[in-house]
1. Kindly provide the set of residues from region A:38-55 that are farther than 24 Å from A:VAL111 by Cα and open to solvent by 30 Å² or more (accessible area, probe 1.4 Å), ordered by number.
2. Restricting to region A:20-47, name every residue that is farther than 21 Å from A:ASN96 by Cβ and within 14 Å of chain B (Cβ to nearest Cβ).
3. What number of residues in region B:65-84 are open to solvent by less than 10 Å² (accessible area, probe 1.4 Å) and either farther than 12 Å from B:LYS53 by Cβ or part of a loop (DSSP other than H, G, I, E, B) (or both)?
4. What's the total number of residues in region B:87-114 that are more than 20 Å from B:PRO39 (Cβ to Cβ) and assigned to a loop (DSSP other than H, G, I, E, B)?
5. May I ask you to verify whether A:THR87 is within 23 Å of B:ARG98 (Cβ to Cβ), assigned to a strand (DSSP E or B) and among the polar types (S, T, N, Q)?
6. Listed residues B:GLU56, B:GLU102; which is open to solvent by 10 Å² or more (accessible area, probe 1.4 Å) and more than 30 Å from A:GLU9 (Cβ to Cβ)?
7. With more than 12 Å from the chain's Cα centre (by Cα) and either crowded, with 18+ Cβ neighbours inside 10 Å or not basic (Lys, Arg) (or both) as the only criterion, which of A:SER73, A:SER110 stands out?
8. Look at A:GLY99 and say whether it is closer than 30 Å to B:GLU56 by Cα, free of Cβ contacts under 8 Å to residues at least 60 places away in the same chain and open to solvent by less than 10 Å² (accessible area, probe 1.4 Å).
Amino acid sequence: SQKIEQNSEALNIQEGKTATLTCNYTNYSPAYLQWYRQDPGRGPVFLLLIRENEKEKRKERLKVTFDTTLKQSLFHITASQPADSATYLCALDEGNQGGKLIFGQGTELSVKP
Amino acid sequence: DVKVTQSSRYLVKRTGEKVFLECVQDMDHENMFWYRQDPGLGLRLIYFSYDVKMKEKGDIPEGYSVSREKKERFSLILESASTNQTSMYLCASSLGGRGNTEAFFGQGTRLTVV
């Protein structure tokens, strides 16, 4: 069956450390993988997109890797800050018509001062 | 900036009522989506549309229908609301075309069916 799994437990880290979030998938063939941030009571906000032929993508303190052999994406936030506390969602895009995205359940990140 | 606006932030409806959730986007996007989000279940796709008057079922279409008469507007209809449809409903849009699937979300509608 098709499945997307993110870290099931909430992630608690100290300010200044690097947060690493995992997204694993089974029986999908994504052409693109996206990461979103969601704050409580609000809609998700797009952060980064990585293509299947890209190994790594960076944006400021964010870094995403995409390994289609392992069927895994890692999302890193370096020098984390309390303002980074939120739920982070990965989403798969198989490149089909309509732009349909399949979302993981999300990982709640808490950065303590 | 792309703006996706949902008609209501909070709604309370009675069981059996017909409920309309409206969504409008202002950036001429081809694709529009309706999701519901429940604790522990994540975002689940109800319906999506990649063109005016076109609609496709998502993963959980039962009990819902949609309408897209104009490009900028995508409506979700609960034909006869039930308590198990109490949820956060999120509308989204994306530009369309291969790789242009970055989704812009509305603020969400928290629907309670009593």
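The values are calculated or read from the model by the stated rules, or taken from the named source; none is laboratory data. Treat the numbers as computed from the prediction; the structure is a model and nothing was measured. When we count neighbours, we look across all protein chains shown, and the Cβ atoms used for this are built from the backbone with ideal geometry, even at glycine. All accessible areas refer to the heavy atoms of the entire protein, side chains included, with ligands and DNA or RNA removed. Shrake-Rupley method; radii C 1.70, N 1.55, O 1.52, S 1.80 Å.
1. Matches in region A:38-55: A:ARG51, A:GLU52, A:ASN53, A:GLU54, A:LYS55.
2. A:ARG37, A:GLN38, A:ASP39, A:PRO40, A:GLY41, A:ARG42, A:GLY43, A:VAL45, A:LEU47
3. 3
4. Initially, region B:87-114 is screened for residues more than 20 Å from B:PRO39 (Cβ to Cβ), giving B:93-104.
Pick out the ones that are also assigned to a loop (DSSP other than H, G, I, E, B) and you get B:95-103.
Going through region B:87-114 one residue at a time, the tally reaches 9.
5. Against the criterion (within 23 Å of B:ARG98 (Cβ to Cβ), assigned to a strand (DSSP E or B) and among the polar types (S, T, N, Q)), A:THR87 does not qualify.
6. B:GLU56
7. Values: A:SER73 fails: more than 12 Å from the chain's Cα centre (by Cα).
Answer to the selection: A:SER110.
8. Here the answer is yes, as A:GLY99 does meet what is asked.
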